[in-house]
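> So that we are looking at the same thing, I have put the structure below in structure tokens.
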Amino acid sequence: MPICVDRRWPVLLLVLLSTACGAAEESTAPEPASVSTPYGAVSLPFVLHQIPDAPVYYIVGKSGVPDAVNEGHTSNAGFVVTEEGVVVFDALGTPALGYRLLQRIREVTDQPVRMVVVSHYHADHIYGLQAFREHAGAPTVLAQRRTLDYVGGSTVSQGEDAERRLAQRREALFPWVDEHTYIVAPDRVFDRETSFELGGVRFQVKHLGPAHAPGDAILLVEEYGVLFSGDVIYGGRVPFLDSPDTDSEHWLEGLEYIAGLKGQLRYIIPGHGELAEDAQQAVTATRDYILYVREVMAAAVRDLVPFEEAYRDADWSRYQHLPAFDASNRGNAYRIYLEEEARSF
Ligand SMILES: [Zn+2]
């Protein structure tokens, strides 16, 4: 069971380190009502969790789509502390949240942030990079090569038009995303996989896309048995499939790959949702959802049933209670319908 820490004071740190937080995983320290950052105040709890017996930490976002209530805090991020610096995985959905993540890192270690590995270029994972560039000495940002399309502003890149998404977030997430918010491009890109070592810890980064997005990357820290899966694994909400670049076939292959890592993994930190301890179990929810939507839509395409009718008549009861169902399910189904249609020609 992971422990959780809120390390604003060294004494508290010692107390917490010697006291398992137990199943609740909640910080015992009171959270201030609101923490100011150079990018606006963050009023949500921002609990730092730690993997047991490892210098690996993570933050869990709220389920649902980014809005003013959740302040854009919908995705997960994490970091690994080594003797020569910190490696961060993903940067959260606003510069303010990126800054909060940086504050949490500073509570744990004085080591410089050397690298930010990005799971994929979607707004909810990258806007926080701005805070790292401006307040953490501009660490190297590493991502898969295909994320460059997003930064380049191609209208069909990464399943979302970067400029249009930024405009939408400036509305939906103001004041945390405003006219000063910008997209930080990767400094280093890789194609199939890459690895590096820092402070004696080996980091393996692998391209698992195109799945959820063209540039999906996962980070394996074998020494601690930890996998940061990005959005290849979605927990606690309906996954987002509704983009022209989503490749459900390849996504399923990626999930199989992760399930196959079983023996090497103690923990999986997904792109959304809670920490998972079982690789097979972790992939199940995402895989079953994709398989179900594909099954329903494939049958509709095969029987020449128009989408509207197929969607209306489908049984969504096992998913409609999940967060993001209203926001994502219909679009997902339509996207898969189109995919199945294209496959049928
Ligand atoms: Zn995401």
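Just so it is clear, none of the values below were taken in a lab; they were calculated from the coordinates. All of these numbers come straight from a predicted model, not from anything done at the bench. Here Cβ is always computed from backbone atoms with ideal geometry, including for glycine, and neighbour counts include all displayed protein chains.
> When the helices in the chain are scored as -39500 (n - 2.57) per DSSP H run of 4 or longer and the sum is shared across all residues, what 222 nm value do you end up with, to the nearest 500 deg cm²/dmol?
Estimated from H runs of four or more residues: -10000 deg cm²/dmol.
> Give the angle, between 0 and 90 degrees and rounded to the nearest 10, that separates the Cα long axis of helix 279-302 from the longest principal axis of the Cα atoms of the chain.
With both axes taken from Cα atoms, the answer is about 20 degrees.
> Sorted by average packing, counted as other Cβ atoms within 10 angstrom per residue and highest first, what order do 313-326, 34-47, 91-104 take?
Top of the packing list down: 91-104, 34-47, 313-326.
> Round to the nearest 10 and give me the degree value, 0 to 90, for the angle of helix 162-172's Cα axis relative to the longest principal axis of the chain.
70 degrees
> Given the peptides 296-304, 78-86, arrange them by the average over their residues of other C-beta atoms within 10 Å, most packed first.
Ranked by mean Cβ neighbours within 10 Å, highest first: 78-86, 296-304.
> Averaging over every viewing direction, what projected area does the convex hull of the Cα atoms of segment 31-287 cover, in nm²?
It is 11.9 nm².
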